[in-house]
Amino acid sequence: MKTKPRVLLLSASSGAGHVRAAQALEKAFSSRGDCVVEHVDALQHVSKIFQRLYDKTYISMVRRAPELMGVIYERTDQPWHHPRRRLALDRLNTAPMIRLLKRIQPDLCVATHFLPAEIIAWLIAKRKLRARNAIVVTDYDVHAMWLVRTVDRYYVAIDEAAEYLAGIGVPREKLQVTGIPIDPLFAAPLDRSAARKHLGLDGEATVVLVAAGGYGIGPVEQLVKDLVALQKPWQIAAIAGKSEKIRKRLEELASGAGTLPTGGRRLCPVGFTTEMDQYMAAANLMVGKAGGLTTSEALARALPMALVEPIPGQEERNADHLLEAGAAIRCNNLPAAAWKIAKLLEDPARLARMKEAAQKLGQPGAAAAIAEDAMRLLD
């Protein structure tokens, strides 16, 4: 009896998006039944110092020095520059991951973060691994850190990303435009009324979904205060993510926010949730960050976005693409954000155009499409 091929998905928890993309792919590969799939967080297999640098430093910099993030992003975005120096540093710190890969000897590796992608490419080039190597880029632009020579496939979000890679020397036959992989749940149609009923949200009011991201990063509390102060007939569902502190503050705000004319609560605080597909189906507008995964989920639900203070670097570039497509507005100044959101919600025709643009850009079946194509690499 023929053994099923082993598929190893490698993410890195230095930001929730890389892990969520790999989890979506894990579901897609598992549902096929023609392979054995395993998902590994690469940061659990590196030196402790390196793990802290990647994880804690990233979150800390996003919260306290986003401008520095932007400077680092731009300065390191030099295609094919200094790969040997970077590889030497990564190899020094990823010995446990290298041992893991050699032990598992997968048939197919799919990386949703550039760190494991680079290590896999080096092992294949040195003939210490015989796997096929696929890389899934989790933003709309492709930063130079994603670039490796020994790769069988790049899966990218949009046509422009593929053209960019082709323009800097990646063979076109290695490029596939699939969208960013999101949970297959987003590919299933979901009625707005049913989603609202399930979540206990108002059936008639405009619902504004405010999302802080998985780590509760962003000016959520002040933004929610400003939206509540407008006393509009909207219901605000505010997702605090993993931040218990923000959730408690939102609960305090909710107690004084009053009710809608229909009797429903004006503000509905939510902690960490696994039901974002339901919340996005229920909402008329999402307000939040411009992360690749969150925005891809919103697009899959044809949900217009108001992007608040995107993090310099990849989030700003993501925002640019969404603005260009007409699926989002951008709020650069927090004190004016609530006013700008209100102006949009008072213009139903504009909101409808944004919804249509989001629907055109959405790729709810990205995870399944990647799994289908990647398995063909083993033929």
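The values are calculated or read from the model by the stated rules, or taken from the named source; none is laboratory data. Just so it is clear, the structure is predicted and the values come from calculations on it, not from any experiment. A quick note on method: Cβ atoms are made from the backbone with ideal geometry, for glycine too, and the neighbour counts reach across all protein chains shown.
Inside the range 129-153, can you point out the residues that are hydroxyl-bearing (Ser, Thr, Tyr) and surrounded by fewer than 24 Cβ atoms within 10 Å (Cβ to Cβ)? Write out each step before concluding.
As a first pass, look at the range 129-153 and keep what is hydroxyl-bearing (Ser, Thr, Tyr): 138, 140, 150.
The one that is hydroxyl-bearing (Ser, Thr, Tyr) and surrounded by fewer than 24 Cβ atoms within 10 Å (Cβ to Cβ): Thr150.
The rows are residues; the columns are (1) at pLDDT 95 or above; (2) farther than 24 Å from Gln23 by Cα.
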residue	(1), (2)
Asp152	yes, no
Ala161	yes, no
Tyr164	yes, yes
Val170	yes, yes
Glu173	yes, yes
Ala188	no, no
Leu201	yes, yes
Ala237	yes, yes
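From the list Pro312, Pro304, which one is crowded, with 24+ Cβ neighbours inside 10 Å, in the same structural domain as Glu346 (by TED's automatic domain parsing) and more than 14 Å from the chain's Cα centre (by Cα)? Show your work before the answer.
Numbers: Pro312 fails: crowded, with 24+ Cβ neighbours inside 10 Å.
Exactly one residue qualifies, and that residue is Pro304.
Kindly indicate whether Ala125 is modelled with pLDDT of 95 or more and in the same structural domain as Phe29 (by TED's automatic domain parsing).
On the way: modelled with pLDDT of 95 or more: no; in the same structural domain as Phe29 (by TED's automatic domain parsing): yes.
No; evaluated as a whole, the condition is false for this residue.
Of the conditions (1) touching a helix residue (DSSP H, G or I) at 6+ places or on another chain (Cβ under 6 Å); (2) assigned by TED's automatic domain parsing to the domain that holds Ser243, Pro348 satisfies every one except a single condition; which number is it?
With respect to (1) touching a helix residue (DSSP H, G or I) at 6+ places or on another chain (Cβ under 6 Å); (2) assigned by TED's automatic domain parsing to the domain that holds Ser243, Pro348 is out only on (1).
Only one of Leu322, Leu253, Leu260 is in contact with a Lys or Arg (Cβ under 9 Å, 6 or more places away or on another chain) and either free of Cβ contacts under 8 Å to residues at least 24 places away in the same chain or within 19 Å of Ile180 (Cα to Cα) (or both); which? Let's see the steps before the verdict.
Numbers: Leu253 fails: either free of Cβ contacts under 8 Å to residues at least 24 places away in the same chain or within 19 Å of Ile180 (Cα to Cα) (or both); Leu260 fails: either free of Cβ contacts under 8 Å to residues at least 24 places away in the same chain or within 19 Å of Ile180 (Cα to Cα) (or both).
Going through Leu322, Leu253, Leu260 in turn, just one is in contact with a Lys or Arg (Cβ under 9 Å, 6 or more places away or on another chain) and either free of Cβ contacts under 8 Å to residues at least 24 places away in the same chain or within 19 Å of Ile180 (Cα to Cα) (or both): Leu322.
Quickly run through the range 326-336 and pick out the residues that are buried (at least 16 other Cβ atoms within 10 Å of the Cβ) and aliphatic (A, V, I, L, M).
Taking the range 326-336 first, the residues buried (at least 16 other Cβ atoms within 10 Å of the Cβ) are 326-331.
Selection gives Ala327, Ala328, Ile329.
Condition check: on the phi < 0 side of the Ramachandran plot, surrounded by 20 or more Cβ atoms within 10 Å (Cβ to Cβ) and among the aliphatic types (A, V, I, L, M). Does Ala162 satisfy that? Write out each step before concluding.
Values: on the phi < 0 side of the Ramachandran plot: yes; surrounded by 20 or more Cβ atoms within 10 Å (Cβ to Cβ): yes; among the aliphatic types (A, V, I, L, M): yes.
Judged against the criteria, Ala162 is a match.
Collect the residues in the range 81-114 that are at pLDDT 80 or above and part of a loop (DSSP other than H, G, I, E, B), keeping them in residue-number order. Even if it seems obvious, please write down each step before you answer.
Residues of the range 81-114 that are at pLDDT 80 or above, as a first pass: 96-114.
Gln105, Pro106, Asp107, Thr112, His113, listed by residue number.
Within the group Ala117, Ala134, which residue is closer than 21 Å to Gln44 by Cα, touching a residue at least 12 places away in the same chain (Cβ under 8 Å) and assigned to a strand (DSSP E or B)?
Working: Ala117 fails: assigned to a strand (DSSP E or B).
Going through Ala117, Ala134 in turn, the sole match is Ala134.
Of the residues that sit in the range 328-342 and are of a type in the set (Gly, Ala, Ser) and in a helix (DSSP H, G or I), which one is farthest from Lys289 (Cα to Cα)? Break it down stepwise before answering.
Taking the range 328-342 and keeping what is of a type in the set (Gly, Ala, Ser), we get 328, 336-338, 342.
Restricting the remaining residues to those that are in a helix (DSSP H, G or I) gives 336-338, 342.
Details: Ala336: 16, Ala337: 13, Ala338: 15, Ala342: 18 Å.
Among those that are of a type in the set (Gly, Ala, Ser) and in a helix (DSSP H, G or I), it is Ala342.
Could you list, in sequence order, the residues of the range 286-308 that are in contact with a Lys or Arg (Cβ under 8 Å, 6 or more places away or on another chain) and either in a helix (DSSP H, G or I) or in contact (Cβ under 8 Å) with a residue 40 or more places away in the chain (or both)?
Keep residues of the range 286-308 that are in contact with a Lys or Arg (Cβ under 8 Å, 6 or more places away or on another chain), which gives 293, 302-304, 306-308.
Scanning the range 286-308 gives Leu293, Ala302, Leu303, Pro304, Val308.
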